[in-house]
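Asks: After the structure tokens below, expect a handful of questions from me.
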Protein chains: 4
Amino acid sequence: MKKLIIIALLVASVALTGFSQRKIVNLPDIPGFVTLKCDFHMHTVFSDGDVWPTVRIDEALRDGLDAIAITDHLEYTPKEDYIPIDFNAAWKIGEAYAKERNLILVHGTEITRKMPPGHFNALFITDASLIAKDSVWDSFEAAAKQGAFLQWNHPGWKSQQPDGIPRMYEVHQKLIKNGWLNGIEFFNDNEYYPLVFSFCKQYNLTLMGNSDVHDAISEVYAGEENSNRPMTLVFAKERSHDSLKEAMFTGRTMVYFRDMLAGKEEFAKPFFYRCISVGKPFYQNDKSIFFEVTNKSDIPFYLTNGVQNAPANITLSANSVTRVVLSKKVTVPLVYDVKNVLTGENEVLKIELR
Amino acid sequence: MKKLIIIALLVASVALTGFSQRKIVNLPDIPGFVTLKCDFHMHTVFSDGDVWPTVRIDEALRDGLDAIAITDHLEYTPKEDYIPIDFNAAWKIGEAYAKERNLILVHGTEITRKMPPGHFNALFITDASLIAKDSVWDSFEAAAKQGAFLQWNHPGWKSQQPDGIPRMYEVHQKLIKNGWLNGIEFFNDNEYYPLVFSFCKQYNLTLMGNSDVHDAISEVYAGEENSNRPMTLVFAKERSHDSLKEAMFTGRTMVYFRDMLAGKEEFAKPFFYRCISVGKPFYQNDKSIFFEVTNKSDIPFYLTNGVQNAPANITLSANSVTRVVLSKKVTVPLVYDVKNVLTGENEVLKIELR
Amino acid sequence: MKKLIIIALLVASVALTGFSQRKIVNLPDIPGFVTLKCDFHMHTVFSDGDVWPTVRIDEALRDGLDAIAITDHLEYTPKEDYIPIDFNAAWKIGEAYAKERNLILVHGTEITRKMPPGHFNALFITDASLIAKDSVWDSFEAAAKQGAFLQWNHPGWKSQQPDGIPRMYEVHQKLIKNGWLNGIEFFNDNEYYPLVFSFCKQYNLTLMGNSDVHDAISEVYAGEENSNRPMTLVFAKERSHDSLKEAMFTGRTMVYFRDMLAGKEEFAKPFFYRCISVGKPFYQNDKSIFFEVTNKSDIPFYLTNGVQNAPANITLSANSVTRVVLSKKVTVPLVYDVKNVLTGENEVLKIELR
Amino acid sequence: MKKLIIIALLVASVALTGFSQRKIVNLPDIPGFVTLKCDFHMHTVFSDGDVWPTVRIDEALRDGLDAIAITDHLEYTPKEDYIPIDFNAAWKIGEAYAKERNLILVHGTEITRKMPPGHFNALFITDASLIAKDSVWDSFEAAAKQGAFLQWNHPGWKSQQPDGIPRMYEVHQKLIKNGWLNGIEFFNDNEYYPLVFSFCKQYNLTLMGNSDVHDAISEVYAGEENSNRPMTLVFAKERSHDSLKEAMFTGRTMVYFRDMLAGKEEFAKPFFYRCISVGKPFYQNDKSIFFEVTNKSDIPFYLTNGVQNAPANITLSANSVTRVVLSKKVTVPLVYDVKNVLTGENEVLKIELR
């Protein structure tokens, strides 16, 4: 009997909760900036997606995001027999809905061409219909005229690059020269393109990570550990549409997917140190000192390449306190590589436990 | 290919993590005290449990506990054909093991009699073997002599009280008169006994909640939401064995199980307000203002009985931000009952969202 | 290393599987009939649902269904600013898609009025647009003209019956008299209406259970045990559209939701005995014989009210073999009530373990 | 209200079920033999395990096993300060307990030496204490005298073979020559040793897969898909201790872990065809025919290397019906490699969908 009473309460919670809440995603701010969790690439029934625009907002809330862009294709609208083309439909449907839910909705669209140049999201636009042009260059120009942040999508997508390797064509160089290209996707859906990191460094472009979701999010990213969708973490001066935009144009992002994080060292390092704290030794014996490392974030960190006599590998699981038993022989700083925090195409973050 | 690389990292985490880490349980401290998560009732192969004592320590770490007591029965040792009786065995095996893992291990034992008086844990003892006596009163006296905290276990357990209702017999009154009874279990295993709250208030006893686990914890409390074991939350001056003891003798506890919390209002109120923060309105229209309530804790709160024109019920899900849409007609304070925070046998916590 | 290789295979499976497969739902056929798993009530963007019609077909396959009907509202089309009204759109989009996936798609629509008469699905129709009429009675007549199976939806829905109790109004009696009403929903979404069972028996109507889903199914029915959507189990002569229709008009159904099953005894009894098999004793001692009961189905069965000296309750978990220890004192048949198999408004199935 | 009633039933099931039931593991018999699911390697508190012997039996039932052996170490008994050495303790405690639960308990022990020769389980013995000898060869001889099935455990275990590669030393050759070595572990815990398959073929030894579990099973193999423990599938003439023994000495086994299966083609082929059935075409158009392949087993099968114009890869998910769309151009038999069914060190099963 008692048992039933206790569990009945749980049931009440199931009945009352649901979509109206924003999950707390434990990712810290960095000094001077708030960390906005964002996804700037997704589709609805207004192009080749399978859900209504408000679903994208509800999903974003549940996933704890701060900002999204719905980016239906301009050139691919397979549902037009049933749904008249309206390139701004998702924006019009979502604008007030997002505002009432404290989600930043970014007006966006997707320019969708064969490679080269491939697919591009224009973000922070004012009217998608003006960007739909026969010539892709006219589309780019129209986007630029609206002050768009232009993002090159999945440059190594196998349907367009069968070997999975992103390539810069003349048109991309020209976009860069014009100052019209602002970011490139490093994560898209289940893929990632290491080379993009080098492109971003070389041309001073913003690193992006997005879901490009077409189905319901819950079909693609199941509820297990580290099953979050790809996100762009934007380091903004405050949680607002304009601060978000400023941060993206300035390149203050990292990208996050499953248990991987990637970003320039200037962001990755303070981010890591905000996740982690090292406690004072709680015990020692003749040979070893014992201390704890707390990881308050949702991201596990895999430390490798420990110094001599120190543990070679330490996994700092998400939302956990990890015990470290350290030989008293170790006198040098406890430096490690963080295997799952990429700071370049072939580099990982180096940190010290102190 | 990319896909495989990403997911392979996850695999590494599976391989490296496991038992050596303490989960962060999001339960706040209250002003002046740290909140220690504790379980003071469990068994091993040294009585009728099925696991070795170190398993209890590993499980406690994984569950994010700060302190446990292993309390094997004095009078029920069904494995004695294979394991010679040693009432202090679990303590001896666990003491150093716990210390090296930063877990507070409390020396304990269980006095195990028919009702009355029933079962009792003696905690903070020095030698369990001296408490094993023919007469239960001699056992109580021996425990008292060791300065034990005496806890009456599962007073409404159906094997001893078929109607599930706890009863104070003469022997309990006598224990109380002697100052030898210190706490009573409100939660035990899957049961709870509302009447215990009144006993604790009337006789100034400490409210306790424990697992009484015999199997592996993972067999009993599966990994789903709100599936944590019963815990006693102890409000201690610091995270140490002696502070823990002081707090328990002083009665500074709450108990926690699944999505239920119980404790005196003097603890429940500040605890609630440390879990919850109410944001400034982020939006308003003609009729309503919109604001968010953040619940940083692992416990959902079910608010009920809202004032006129306010939402009648609000579920503040665990680790979530809940949007509240409030009619501008509401001018009185936003008071609510918190349905799952008990402050007495028939009382729930009353709070205000401000 | 080995570890990584093993787990990498699993990853491949994740990558390759997905939507294109039909889960095997373990529900037996009954003598003379195949058991078709069906859901005859769901919505898409063509009324107030949030997904595209093909999503409903994909979801149905994944959930192991044999037949569905998409039943968008005739009188409630809140998306018409963006999607022109086409009452047959879901059917036109889904027909070939379902055929290529071996799913029986039933052409349907929902007549949507205030109570009385409330909401009704017309199933097995030929043209939904002809059923959209100003007068509800004209709609009924148009449906009847198309040979529709008319289902009264959620008759105790609290938005229309605040006390949750279904009521037969004059219009319902008139429908019955005309032979135009064929079934009533017993399960709808998370609700059920016990009284419907009596209505169905009294007026010889078909018992129905459906999801009435508006979101993605995966948002509503999570992947846990007994979290399946409500279903109508139809006992058809073969797996075909026409057999399905014949069986429904003839009333050969049961309804299934979570761990509840409901249907007339003539179906419930053979269904139960097809799920269960009782093994020969595998062991005995002086006092007891030991035997096993196998439940090959996905539905647990809760046996209660055992005869004297037999176990009072036996839970035959889904897809499990349950050991029964039977006292040798028991000489009468082992009859039980099956608590979760309803055979009437206030009746449960009675069975014998033999 | 309705909602609460429905879900309350579920709660009843949680309360009543648990350990007393054997899960149905969907693995088919093969012609002439029943498939017994077995685990012949596990530990308890009587050596270096952490649980009581009856726990191993309860776990085995829950995991749907037919037979287990508890194989505590003879030479490694770290708990002997608290538990007097009794090499037959687990057997004595478990024998009646298993019999009353219809589980075949095999009397076993583990001979535990440095490499060479490494670790060995002696199974189907009569007295473990007689096998505890100073000289390992004396142990082997004593085991042989009891008619033991001798299994070489984890021959590539990195603590004994840092490169993970199993090696046959002189002592192993001598065991083989004497006819004293009967099986080798291919799967052990999370590891597998491809080379073992070649050893087994060359020397006509039985392929074994076991958990070697020390903790509670639930700590090691979580409840997710394909998270089962390693098992030896034994093809026995009937479900009995003696038939099991005969089958093992005769070499009629396959091994199963996660989504991998390994065994000689003579077993793997009929096993696969018992899992799979190919339906008649349910639909066709100008270009393609559509048919379904049913996989009634708990093991997914990953088909690869399809013939020209046929799907290159097909994943037949566990307990699922998979649609295959086949080009009418294909006229040759639909042969595939089954990537996750190993029939040799470097071979996989070849099958035909017909």
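The values are calculated or read from the model by the stated rules, or taken from the named source; none is laboratory data. Predicted model only: the values in this text are computed from it and were never measured. Cβ: placed from backbone, ideal geometry, glycine included. Neighbour counts: every protein chain shown.
Asks: If A:K245 passes every condition in (1) closer than 21 Å to A:S297 by Cβ; (2) surrounded by fewer than 22 Cβ atoms within 10 Å (Cβ to Cβ); (3) modelled with pLDDT of 95 or more but one, which one does it miss?
Replies: (1)
Asks: Looking at segment B:196-218, is at least one residue in a helix (DSSP H, G or I), more than 14 Å from chain D (Cβ to nearest Cβ) and touching a Leu at 6+ places or on another chain (Cβ under 6 Å)?
Replies: Yes, segment B:196-218 has at least one match.
Asks: Select from segment A:300-311 the residues that are more than 16 Å from A:S277 (Cβ to Cβ) and in contact with a Leu (Cβ under 9 Å, 6 or more places away or on another chain) and list them in ascending order. Reasoning before the result, please.
Replies: Filtering segment A:300-311 down to residues more than 16 Å from A:S277 (Cβ to Cβ) leaves A:302, A:304-311.
Hits for segment A:300-311 are A:Y302, A:G306, A:V307, A:N309, A:A310, A:P311.
Asks: While we're on this one: So, in segment B:87-97, how many residues would count as being touching a residue at least 24 places away in the same chain (Cβ under 8 Å) and more than 10 Å from every other protein chain (Cβ to nearest Cβ)?
Replies: Residues flagged as touching a residue at least 24 places away in the same chain (Cβ under 8 Å) and more than 10 Å from every other protein chain (Cβ to nearest Cβ) within segment B:87-97 amount to 5.
Asks: Tell me, please, whether a residue that is crowded, with 21+ Cβ neighbours inside 10 Å and over 26 Å from C:V25 (Cβ atoms) can be found in segment D:323-336.
Replies: Yes, because at least one residue in segment D:323-336 is crowded, with 21+ Cβ neighbours inside 10 Å and over 26 Å from C:V25 (Cβ atoms).
Asks: Another question, if that's okay. Of the residues C:D134, C:D138, only one is part of a helix (DSSP H, G or I) and either over 24 Å from the mean Cα position of the chain (by Cα) or surrounded by fewer than 17 Cβ atoms within 10 Å (Cβ to Cβ) (or both); which?
Replies: C:D138
Asks: If you scan segment B:248-297, which residues turn out to be of a type in the set (V, I, T) and buried (at least 21 other Cβ atoms within 10 Å of the Cβ)?
Replies: Selection gives B:T253, B:V255.
Asks: Separate question: Could you list all residues from segment C:42-61 that are more than 9 Å from every other protein chain (Cβ to nearest Cβ) and not acidic (D, E)?
Replies: Once the filter is applied, which keeps residues that are more than 9 Å from every other protein chain (Cβ to nearest Cβ) and not acidic (D, E), segment C:42-61 yields C:M42, C:H43, C:T44, C:S47, C:P53, C:R56, C:I57, C:A60.
Asks: So, one more: Tell me, which strands (runs of 3 or more DSSP E) lie completely within segment D:290-348 with 2 or more residues that are within 13 Å of chain C (Cβ to nearest Cβ) and under 28 Å from D:L205 (Cβ atoms)?
Replies: Numbers: elements: D:301-304, D:314-316, D:320-327, D:334-344.
Hits in segment D:290-348: D:301-304, D:334-344.
Asks: Only one residue in D:K339, D:K350, D:K329 is among the basic types (K, R), out of contact with any Asp or Glu (no Cβ under 8 Å at 6 or more places or on another chain), in contact (Cβ under 8 Å) with a residue 12 or more places away in the chain and within 30 Å of D:I184 (Cα to Cα). Which one? Steps first, please.
Replies: Numbers: D:K350 fails: out of contact with any Asp or Glu (no Cβ under 8 Å at 6 or more places or on another chain); D:K329 fails: within 30 Å of D:I184 (Cα to Cα).
Of the residues listed, the single one that is among the basic types (K, R), out of contact with any Asp or Glu (no Cβ under 8 Å at 6 or more places or on another chain), in contact (Cβ under 8 Å) with a residue 12 or more places away in the chain and within 30 Å of D:I184 (Cα to Cα) is D:K339.
Asks: Can you work out which of the residues in segment D:76-86 that are hydroxyl-bearing (S, T, Y) and more than 7 Å from chain B (Cβ to nearest Cβ) is nearest to B:I85 (Cα to Cα)?
Replies: Checked segment D:76-86; the qualifying residue nearest to B:I85 (Cα to Cα) is D:T77.
Asks: Among the residues of segment B:168-188, are any within 14 Å of another protein chain (Cβ to nearest Cβ), under 27 Å from B:D48 (Cα atoms) and assigned to a loop (DSSP other than H, G, I, E, B)?
Replies: no
Asks: For segment D:146-155, how many residues meet the condition of being part of a loop (DSSP other than H, G, I, E, B) and touching a strand residue (DSSP E or B) at 6+ places or on another chain (Cβ under 7 Å)? If you could, list the steps in order and put the result at the bottom.
Replies: Start the filter on segment D:146-155 by keeping residues that are part of a loop (DSSP other than H, G, I, E, B), which leaves D:146-148, D:153-155.
Now restrict to residues that are touching a strand residue (DSSP E or B) at 6+ places or on another chain (Cβ under 7 Å): D:148, D:153-155.
The qualifying residues number 4.
Asks: Would segment D:257-269 turn up any residue that is within 23 Å of D:V348 (Cβ to Cβ), modelled with pLDDT of 95 or more, part of a strand (DSSP E or B) and in contact with a Cys (Cβ under 9 Å, 6 or more places away or on another chain)?
Replies: No, segment D:257-269 contains no residue that is within 23 Å of D:V348 (Cβ to Cβ), modelled with pLDDT of 95 or more, part of a strand (DSSP E or B) and in contact with a Cys (Cβ under 9 Å, 6 or more places away or on another chain).
Asks: Something else: All but one of (1) in contact with a helix residue (DSSP H, G or I) (Cβ under 6 Å, 6 or more places away or on another chain); (2) buried (at least 16 other Cβ atoms within 10 Å of the Cβ); (3) closer than 26 Å to D:L349 by Cα; (4) not acidic (D, E) hold for D:I217; which doesn't?
Replies: (3)
Asks: Being within 21 Å of A:T206 (Cβ to Cβ) and in contact (Cβ under 8 Å) with a residue 60 or more places away in the chain narrows it down to one of A:P194, A:P117, A:P166, so name that one.
Replies: Among A:P194, A:P117, A:P166, only A:P194 is within 21 Å of A:T206 (Cβ to Cβ) and in contact (Cβ under 8 Å) with a residue 60 or more places away in the chain.
Here is a yes/no grid of residues against (1) among the small types (G, A, S); (2) surrounded by fewer than 24 Cβ atoms within 10 Å (Cβ to Cβ):
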residue	(1), (2)
C:P155	no, no
C:S159	yes, yes
C:E170	no, yes
C:Q173	no, yes
C:I176	no, yes
C:G179	yes, yes
C:F186	no, no
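Asks: Tally time: how many residues in segment D:219-239 are within 14 Å of chain B (Cβ to nearest Cβ), assigned to a loop (DSSP other than H, G, I, E, B) and among the acidic types (D, E)? Spell out how you get there, then give the answer.
Replies: We begin by selecting, within segment D:219-239, every residue within 14 Å of chain B (Cβ to nearest Cβ); these are D:219-224, D:226-227.
Then keep just the ones that are assigned to a loop (DSSP other than H, G, I, E, B); that gives D:221-224, D:226-227.
Filter once more, keeping what is among the acidic types (D, E): D:224.
Counting residues in segment D:219-239 that are within 14 Å of chain B (Cβ to nearest Cβ), assigned to a loop (DSSP other than H, G, I, E, B) and among the acidic types (D, E) gives 1.
Asks: Can you tell me which of C:K296, C:K269, C:K280 is under 20 Å from C:K339 (Cα atoms), out of contact with any Pro (no Cβ under 9 Å at 6 or more places or on another chain) and among the charged types (D, E, K, R)?
Replies: C:K269
Asks: So how many residues does segment D:326-354 have that are under 18 Å from D:N295 (Cβ atoms) and at pLDDT below 95?
Replies: Selection size over segment D:326-354: 1.
Asks: Check segment D:23-46 and report whether any residue there is at pLDDT below 95 and more than 30 Å from D:V234 (Cα to Cα).
Replies: There is no residue in segment D:23-46 that is at pLDDT below 95 and more than 30 Å from D:V234 (Cα to Cα).
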